[in-house]
Amino acid sequence: TIGNLSNGQFCCETDTKLMEVQQQKTEESTSILKTLWNDLAYALHQPHNACLAAKFLIFRLRFSLLSNDNNDNNQQKQALGNKYDNGKQYHILQQAKNIGIATNARLEQLCHKLQEVLEDTTYQPNN
């Protein structure tokens, strides 16, 4: 029984550590996404950084859609799409797209692609 107790205790400790690591990964991912959206918001001053941010956001969204893990997929949709739904990211995206129309064709194209991917991702029913 002592061996079983220690094995059970080991499993609980391992599960706790895994949950802590997952929580840390989620927080880091959220921080990175906020930074990318901020880079996109400053498209007027740094269009190259905005283009790179848009490229990565498109990649991240597409990757999350291809992910086999439904929980991770839903978490990614929420992390990438929640603010889009409440209008802040939509406004940032439209502003960057307008800047692209006026000054930078590459930025315009990337913002258009990002908008398409966000709409596909945000409005898919959750499983």
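Structural remarks
- Test result for Ala96, within 13 Å of Leu40 (Cα to Cα) and at pLDDT 70 or above: yes
- Residue match in the range 65-87 (condition: at pLDDT 85 or above and crowded, with 17+ Cβ neighbours inside 10 Å): no
- When restricted to residues that are touching a residue at least 40 places away in the same chain (Cβ under 8 Å), farther than 23 Å from Phe63 by Cα, in a helix (DSSP H, G or I) and not aliphatic (A, V, I, L, M), the range 90-117 contains 3.
The values are calculated or read from the model by the stated rules, or taken from the named source; none is laboratory data. All figures in this text were calculated on a predicted structure; none of them were measured in a lab. Neighbour counts are summed over all protein chains in view; Cβ atoms, including those assigned to glycine, are modelled from backbone coordinates with ideal geometry.
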